[in-house]
Amino acid sequence: MNSLEDNSTVNNGLGLIFLIGFMGCGKTTLGRKLAARLGYEFMDLDHIMEAQAGMTIAEYFSTHGEDAFRKLESEVLKQTEYPEHAVVSTGGGLPCFFDNMQWVNAHGRSVYIQLSPKTLADRLEHEKNKRPLLREKHGEALIAFISEKLIEREPFYKQATFVANGLSLTAEKVAEILSTTAI
């Protein structure tokens, strides 16, 4: 039994916790609450990437294109200096490119926050200006786009250490899952 397994039931021994899932699933909101509950630092990789790039993700995406964005996103994931214990919110597409999901699982535990396409569309309808992939999609077209993307992304998302229903998910529930389940 390694030391990580020995510490897995102690809040101070949970290490890095990566929250993954489609945009709008609540990674940042839940991440802040979970970090506060555990006394951990909260890190949002999208914010770190924006600070390094000197522009918003939407600006970077439109200026440099998706390929450059995905490359930068992977570099930020792998080159960021993480504290020993932190809750990390990732971008929605991050797990689906390069070896990012394997890297995440090798360096911590991951939680996939799973929601239906309809629920995600309802949450994202008013945030489309900040989300380059959604700008021109509305109503049923937005739901169809999300459904299609989830078909592509779920094989990566489901590699997470834990898959959790995002509808009833709370920081307390995630903390309980993480602290009572050894790796």
All helices (runs of 4 or more DSSP H) inside region 38-149 with 3 or more residues being touching a residue at least 24 places away in the same chain (Cβ under 8 Å), more than 18 Å from Cys25 (Cβ to Cβ) and not hydroxyl-bearing (Ser, Thr, Tyr): 45-53, 57-79, 100-107
All positions within region 147-160 that are open to solvent by 60 Å² or more (accessible area, probe 1.4 Å) and among the polar types (S, T, N, Q): Gln159
Residue that is most open to solvent (accessible area, probe 1.4 Å) [pool: residues in region 86-130 that are at pLDDT below 95 and basic (Lys, Arg)]: Lys130
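Quick one: is Arg37 within 20 Å of Thr170 (Cβ to Cβ) and open to solvent by 10 Å² or more (accessible area, probe 1.4 Å)?
It is true that Arg37 is within 20 Å of Thr170 (Cβ to Cβ) and open to solvent by 10 Å² or more (accessible area, probe 1.4 Å).
Does Phe22 count as in a loop (DSSP other than H, G, I, E, B) and under 27 Å from Arg109 (Cα atoms)?
Against the criterion (in a loop (DSSP other than H, G, I, E, B) and under 27 Å from Arg109 (Cα atoms)), Phe22 qualifies.
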Residues of region 161-175 that turn out to be outside any loop (DSSP other than H, G, I, E, B) and open to solvent by 60 Å² or more (accessible area, probe 1.4 Å), as a count: 4
Conditions (1) loosely packed, with under 14 Cβ neighbours inside 10 Å; (2) farther than 23 Å from Ala68 by Cα; (3) at pLDDT below 95; number of the one not met by Leu178: (1)
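Return yes or no: is Glu66 open to solvent by 30 Å² or more (accessible area, probe 1.4 Å), within 26 Å of Gly39 (Cα to Cα) and of a type in the set (Asp, Glu)? Quick ask: steps written out before the conclusion?
Values: open to solvent by 30 Å² or more (accessible area, probe 1.4 Å): yes; within 26 Å of Gly39 (Cα to Cα): no; of a type in the set (Asp, Glu): yes.
Criteria not met by Glu66.
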Test: residue in region 131-145 that is open to solvent by 60 Å² or more (accessible area, probe 1.4 Å) and touching an Asp or Glu at 6+ places or on another chain (Cβ under 9 Å): yes
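The values are calculated or read from the model by the stated rules, or taken from the named source; none is laboratory data. Source: prediction; values computed, not measured. FYI the Cβ positions are ideal-geometry reconstructions off the backbone, even for glycines, and counts take in every protein chain you see. Heads up: the accessible areas ignore ligands, DNA and RNA and are worked out on the full protein's heavy atoms, side chains in. Shrake-Rupley method; radii C 1.70, N 1.55, O 1.52, S 1.80 Å.
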